[in-house]
Amino acid sequence: MRLAVLDLLVPPTCWACGEPAPGGVLCGPCEDVLPWLDRPLTVPREGPLAAAWAPLAYAGPARVLVHALKFRGAAGLAGAMARHITDGIPPSVFAEGWALVPVPAHPGRRRRRGFDHAELLAAALARRTGLALLPALQRHGGARERQRGRHRTQRLAASAVSVGARHPAGGPCLLVDDVRTTGATAAACAAALRAAGAPQVVAVSYAHVP
């Protein structure tokens, strides 16, 4: 009741344009111009990933939501972003028996932010799909581990990401992250899950950088 009264006094605004947004995420016009991808499925030519899905391009309102979740601590956006993922990806991807595994954040960044954005997104997907949340991976810190700001060749270097499994992953896994760029981080995480016993790993991201 208190929140409803507060919304009347100070209406929630759109994260992308600042106009009134009844749901407190995006207004109607910004929701309408979300950059949906025509072909959200990508299949790597090689490596431990069976497939990679991302429903949106990393642009416009989608980019704003990613930044707000990751850098402004807007944890409440994870639910809307999970809805966009399930709206843009075939339901068959979220098949019974698969587990949702968040891509672990760099330890230093997680300490500074106080949360892991991919874990928030995976938890929201778990609530929407009914699949189990399995935080099976851990990421090792280090000066060479940071990915943001790297060139593609640096991201693809084998030493760029150091990830290990905290416990066995006996079933197929959906690897969840906010943005897919070169796929280097997803490949490292998938390799760790396969080594831990996962028979199949598919990457699911909110947005893809063309």
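Values computed for the structure shown
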quantity	calculated
Amide hydrogen neighbours beyond the local backbone of TYR206, cut-off 5 Å, H modeled	ASP177, ASP178, VAL179
Segment ALA195-TRP36, extension gain: residue separation times 0.36 nm, minus the distance between their alpha carbons	53.9 nm
Total formal charge among the other residues, if their Cβ is under 14 angstrom from that of LEU26, Lys/Arg +1 and Asp/Glu -1	-2
Ranked list, fewest to most other Cβ atoms within 10 Å of each Cβ, for HIS106, HIS167, HIS208	HIS167, HIS106, HIS208
Range of Cα positions in the range 35-208 per principal axis (Å), largest first	35, 34, 30
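Read-outs: derived from the displayed coordinates by stated rules, not from any lab. These numbers come from a predicted model, not from an experiment. Using ideal geometry, Cβ is built from the backbone for each residue, glycine included, and neighbour counts are taken over all protein chains shown.
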